[in-house]
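Please read the structure below before turning to the comments.
What follows is calculated from the coordinates using simple rules that are stated; it is not laboratory data. Everything quoted here is computed from the prediction, not taken from an experiment. Neighbour counts run over all protein chains shown; Cβ positions are idealised from the backbone, glycine included.
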């Protein structure tokens with residue numbers, strides 16, 4: 001069985017305050033985009049995990065896809081499988097590729113072996129693998145609160161807009177993103193992402209922010225350059241996704257990008 005695990009982009013990301021458990025309360029909006037890895041499982045004599053495409057750093061035994069299989073195997077008599085992941089989504093890009101792979105593995109095992117898991121049960125398993133993972137179970141636009149684990153569906157149609165996603169081959173991470181962040185301790189409703197996301201996209205530029213940009217752009221100035229150039233090309237809204245380093249732009253029509261920007265585009269499509 002094969003499935004295609006897609007990315008998300010963050011439409012705004014606010015750091016509200018630091019929690020007693022050491023994490024931060026945030027607000028953001030996740031929007032799914034059909035830029036996908038490919039995940040395949042085949043029944044086998046033993047569990048194996050292989051990858052192709054973009055090389056994955058680190059120990060493959062720690063990959064969230066394998067962790068998802070092992071997590072469900074605790075409660076269900078899963079047969080051994082050959083697992084293959086073809087990696088297209090760049091890592092360290094703030095697109096949730098690893099989280100998506102893990103969530104789609106849960107869904108793939110559920111459908112392939114008729115585990116009859118409910119959406120809530122799958123989200124519960126996914127939450128044990130990472131705070132972003134539960135989003136990809138329903139895979140619908142969602143407003144996030146708390147550590148990013150509190151999800152609320154939200155109606156948002158971006159189909160009139162053309163997405164350009166750029167990746168400059170620089171790797172960001174959560175620690176870097178939080179290094180210079182300033183918390184919004186007294187965020188008021190009129191400044192919230194939930195308020196502005198209901199306004200026209202043309203108003204997002206000066207009102208919908210990713211609070212991680214200051215930290216990540218300071219480390220990687222090329223990202224600020226990309227953002228500025230996308231605006232110069234006529235984008236209505238440009239932002240870094242998550243903790244970076246991917247930068248996306250929304251256009252009212254398909255743009256004719258400059259020779260400088262074109263090599264950095266890793267995905268583009270009408271939403």
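Treat the count of other C-beta atoms within 10 Å as a stand-in for reagent exposure and order 1, 38, 240 from fewest to most.
Placing the least packed residue first, the sequence is 1, 38, 240.
Within the stretch 2-153, what percent of beta bridges assigned by DSSP are antiparallel, to the nearest 5?
Within the stretch 2-153, antiparallel bridges account for around 80 percent of the total.
What's the center-to-center distance, using Cα atoms, between the stretch 65-90 and the stretch 145-213 in Å?
For the stretch 65-90 versus the stretch 145-213, the Cα centre distance is 31 Å.
Where is the GNM fluctuation largest for the chain (alpha-carbon springs, 10 angstrom cutoff): 83, 41, 56?
With Cα springs under 10 Å in the chain, the top fluctuation among 83, 41, 56 is at 56.
Within 10 Å, count the other beta carbons around each residue, average over each peptide in 167-174, 61-68, 43-50, 196-203, and list them highest first.
Numbers: 167-174: 16.4, 61-68: 18.1, 43-50: 11.8, 196-203: 13.4.
The packing order, highest mean first, is 61-68, 167-174, 196-203, 43-50.
How many nm is it between the label spots at residue 20 and residue 175, if each spot is 7 Å from the Cα in line with the beta carbon?
2.7 nm
Please list log₁₀ I(q)/I(0) at q = 0.17 Å⁻¹ for the chain, using the Debye equation with identical point scatterers on the alpha-carbon positions.
-1.38
Helix 221-232 versus the longest principal axis of the chain: what angle, 0 to 90°, nearest 10, using Cα atoms?
Result, in degrees: 70.
Among 137, 42, 74, which one shows the biggest mean-square fluctuation in a GNM of the chain, springs joining Cα atoms closer than 10 Å?
74
If you stretched the chain out fully between residue 159 and residue 225, how much longer would it get, using 0.36 nm times the residue separation minus the C-alpha to C-alpha distance? Show your work: numbers first, answer last.
Working: separation 66, 0.36 × 66 = 23.76 nm, distance 2.68 nm.
Residue separation times 0.36 nm, minus the Cα-Cα distance, leaves 21.1 nm.
Nearest 500 deg cm²/dmol is fine: what mean residue ellipticity at 222 nm does the chain get from its DSSP H runs of n ≥ 4 alone, each adding -39,500 (n - 2.57), divided by its residue count? Provide the component values of the computation, followed by the final result.
On the way: 8 runs with 69 residues, N = 271.
The helix-only estimate for the chain comes to -7000 deg cm²/dmol at 222 nm.
Kindly state, as a whole number, the per residue volume in cubic angstrom of the convex hull around the alpha carbon atoms of the stretch 2-153. The partial results should precede the final answer.
Numbers: hull volume 17.6 nm³, N = 152.
Expressed per residue, the convex hull around the Cα atoms of the stretch 2-153 is 115 Å³.
Please give the Cα centre distance for the stretch 219-254 versus the stretch 1-43, rounded to the nearest Å.
After rounding, the separation between the Cα centres reads 19 Å.
What is the helix-to-structure angle for 64-75, meaning the angle in degrees between its Cα long axis and the longest Cα principal axis of the chain, kept from 0 to 90 and rounded to the nearest 10?
50 degrees
Suppose R0 equals 45 Å; then what is the FRET efficiency for residue 186 and residue 76 from their Cβ-Cβ distance, rounded to the nearest 0.05?
Details: r = 47 Å, r/R0 = 1.04.
The formula returns an efficiency of 0.45 here.
Given the Cα atoms of the stretch 162-270, and with Rh set as the inverse mean 1/r over their pairs in the Kirkwood sense, what is Rg to Rh to two decimals?
Working: Rg = 14.2 Å, Rh = 14.6 Å.
Rg divided by Rh gives 0.97.
Only Cα pairs within less than 10 Å get springs; with that Gaussian network setup on the chain, which residue of 108, 236, 187 has the largest fluctuation?
Among 108, 236, 187, the largest mean-square fluctuation in the Gaussian network model of the chain belongs to 187.
How big is the antiparallel share of DSSP beta bridges in the chain, given as a percent to the nearest 5? Kindly include the intermediate steps, with their values, before the conclusion.
Values: 41 of 48 bridges.
Roughly 85 percent of the beta bridges in the chain run antiparallel, per DSSP.
Nearest 10 degrees, 0 to 90: what angle lies between the long axis of helix 97-112 and the longest principal axis of the chain (Cα atoms)?
Relative to the chain, helix 97-112 is tipped by roughly 40 degrees.
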